[in-house]
């Protein structure tokens, strides 16, 4: 996206695209098992739309509309199944909830403020996340 489009320049208004106050900036990362200690991929992001703070887990590389589970970012996280087989959800939910609990405050800070962080701050955040043993 061009700077003018993000800033709400004339080109955006003429094209019928979103205005500057409608653009949602997010930061995200797909974390592999080597980074989290959890089999599968954990997707983390800054606040999106009207969702409560949460991470998503995928059995392999994330894809649009792929089955996954989401885990709330709170002191006692909850897991929600999004079209995974029940046995996969049952096995994957607990380790992801444990990882979220381990990193709760950092994940919540990223959710709330990460979209304002510079690249080096995002890298430092990701490197500081604790791995499930």
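The values are calculated or read from the model by the stated rules, or taken from the named source; none is laboratory data. Owing to the predicted nature of the structure, the values given are computational and were not obtained by experimental measurement. Glycine gets a Cβ as well: all are built from the backbone with ideal geometry, and neighbour counts include every protein chain shown.
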Does segment 83-133 hold any residues that are closer than 15 Å to residue 52 by Cβ and surrounded by fewer than 14 Cβ atoms within 10 Å (Cβ to Cβ), and which are they? 112
What do you reckon, is residue 52 free of Cβ contacts under 8 Å to residues at least 40 places away in the same chain, in contact with a strand residue (DSSP E or B) (Cβ under 7 Å, 6 or more places away or on another chain) and closer than 21 Å to residue 117 by Cα? yes
Does any residue of segment 115-122 turn out to be more than 20 Å from residue 32 (Cβ to Cβ), in contact (Cβ under 8 Å) with a residue 40 or more places away in the chain, out of contact with any strand residue (DSSP E or B) (no Cβ under 6 Å at 6 or more places or on another chain) and not in a loop (DSSP other than H, G, I, E, B)? yes
Residue 42 vs (1) outside any strand (DSSP E or B); (2) within 20 Å of residue 126 (Cα to Cα): all pass except (1)
Please state which one of 34, 22, 74, 39 is exposed (fewer than 11 other Cβ atoms within 10 Å of the Cβ), modelled with pLDDT of 95 or more and more than 11 Å from the chain's Cα centre (by Cα). 34
Report whether or not residue 81 is in contact with a helix residue (DSSP H, G or I) (Cβ under 8 Å, 6 or more places away or on another chain), over 14 Å from residue 98 (Cα atoms), part of a strand (DSSP E or B) and modelled with pLDDT of 95 or more. yes
Residue identified as out of contact with any strand residue (DSSP E or B) (no Cβ under 7 Å at 6 or more places or on another chain), outside any helix (DSSP H, G or I) and surrounded by 14 or more Cβ atoms within 10 Å (Cβ to Cβ) among 47, 66: 47
